[in-house]
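Okay, so here's the structure we're looking at.
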Amino acid sequence: MKITVWGINYDPEPTGIGPFNTDLCAYFAERGHDVRMITTFPYYPWWKKPPEARGKLYKTVAMKGVTVLRCWHYVPAKPSTLKRLLHEMSFVVTSALKALFLPRPDVFIVVSPPLFLGPAAFAVSRILRRPFVVHVQDLQPDAALGLGMIKPGPAVRALYLLEKWNYRWAALVSGISQGMLDAFARKDVAAEKICMFPNWVPDAKTTGGPVQPAVSAASFRAANQLSLQTPLIAYSGNVGMKQGLEVVVEAAAKAKLETTVRGGSDLRAIHWAICGEGAAKPALQEAILRTGAESVRLYPLQPDDLYQALLREADISLITQQRGTGQFFFPSKLLSILQYGRPVLAVADESSELARAVHQGDFGLVVEPGDASALLAAAEKMLAADDLQRAAWARNGRAWVDQFRRTPVLSAFEARLETLRKR
């Protein structure tokens, strides 16, 4: 097949949607398909382009068998609702112009967000007489409303109409979780157009035992002067509004006030490591200074070897979500975490996809967003767990994540595209 993937994130962006867009294209290229990727110059999660992108409108490069077409877009230093809109629209315009003059593919795969790629894909697909698939990584209007980034009113209604338009004209609408598929059904997407296409983890070789990820020689603890006895609770990923990481600072501030050791754990000794970049990072640093929560430390995004070490050496892996958003996106970092056998402490609404996964898989605990006391109590309980419980969490997590291995997930999606092409 001739496949054009169209999305705002791509390699070398290390977090979020970029790695999945990159590996999706790599898989198709490995399978012998002719693959093009229409994307931007890298900017996420730093919200800053590299120096070599300055002054360039377009650039075409070959990367691992994929023709990558980079398009200029506006990147605000401090994203706001209006600036994010301009950011997305600038990419929609430059990328649509590029798409019009490329060889016709058999299918376009449009990755949302940005939601506004939908009308552009519709126009291009009609001109070139080729179908387009909408692959949804984030239910953008629902999430923006839940975060308070937009208020109910005409703007919200317009976004929902746009979303409905995208789904109506797409030949296929795929989502990364069952909750998304349920949302598509509520939004009147025809059942035959709905496709489960979850994010994935690499295939792993086995030696008769449980599947294990690759192990690097690096040590996050050693690199940051953390002893083996220091309780380490680690978060890695985007530091933005959706994550609601302020609750970690509040929990650490509460722990600082503890005057006794409870449950065998000194809560004041916990090292809360937050690794990543994002728009909310300056405010988070200010909150740490204001509350005196020195046990929370902000780290930059870790290189691959130290990231692997972080997941391997943490006593608990932390995933947080802002209240009211968990039904609209699924944190794919969960898949990476579970490969390393770490128990998961999730801060999420009980109705969220994340909470559903933790409960179904039985690999950790869930607390409500914004409840610092509950977060601290759950951390205490998990740190005090015996070896049998920790082994059970590890075993359950690895078993749950095996359903998301690369080859079966991507081959199933490839088969749906082949069916679409033959119509």
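The values are calculated or read from the model by the stated rules, or taken from the named source; none is laboratory data. This is a predicted model, so every value here is computed, not measured. As a convention, Cβ positions derive from the backbone with ideal geometry for all residues, glycine included, and neighbour counts pool all protein chains shown.
Miscellaneous remarks
- Evaluation of PHE91 against the conditions (1) touching a residue at least 60 places away in the same chain (Cβ under 8 Å); (2) not in a helix (DSSP H, G or I) shows that the sole unmet condition is (2).
- Qualifying residue in segment 17-34 (condition: in a strand (DSSP E or B) and either under 22 Å from ALA96 (Cα atoms) or not aromatic (Phe, Trp, Tyr) (or both)): yes
- Residues located in segment 140-199, provided they are touching a Leu at 6+ places or on another chain (Cβ under 6 Å) and among the polar types (S, T, N, Q): GLN140
- Tabulated pairs, segment 359-376, first charged (D, E, K, R), second modelled with pLDDT of 95 or more and not in a strand (DSSP E or B), C-beta under 7 angstrom, 6+ apart or interchain: ASP362/ASN396; GLU368/ALA374
- Of note, GLY324 satisfies the criterion of being in contact with a Pro (Cβ under 9 Å, 6 or more places away or on another chain) and in contact (Cβ under 8 Å) with a residue 24 or more places away in the chain.
- Test for TRP46: is it free of Cβ contacts under 8 Å to residues at least 40 places away in the same chain, of a type in the set (Phe, Trp, Tyr) and either surrounded by 19 or more Cβ atoms within 10 Å (Cβ to Cβ) or closer than 15 Å to TYR10 by Cα (or both): no
- Residue in segment 71-88 that is acidic (Asp, Glu) and over 22 Å from LEU420 (Cα atoms) present: yes
- Flag if GLN339 is under 18 Å from ALA273 (Cα atoms) and either in the same structural domain as LEU284 (by TED's automatic domain parsing) or acidic (Asp, Glu) (or both): no
- Some residue of segment 350-373 being within 17 Å of the chain's Cα centre (by Cα), of a type outside the set (D, E, K, R) and outside any helix (DSSP H, G or I): yes
- Unique residue being crowded, with 21+ Cβ neighbours inside 10 Å, over 21 Å from VAL344 (Cα atoms) and of a type outside the set (Asp, Glu) when the list is GLY292, GLY278: GLY278
- Residue match in segment 70-77 (condition: touching a residue at least 40 places away in the same chain (Cβ under 8 Å) and either surrounded by fewer than 15 Cβ atoms within 10 Å (Cβ to Cβ) or over 27 Å from GLY276 (Cβ atoms) (or both)): no
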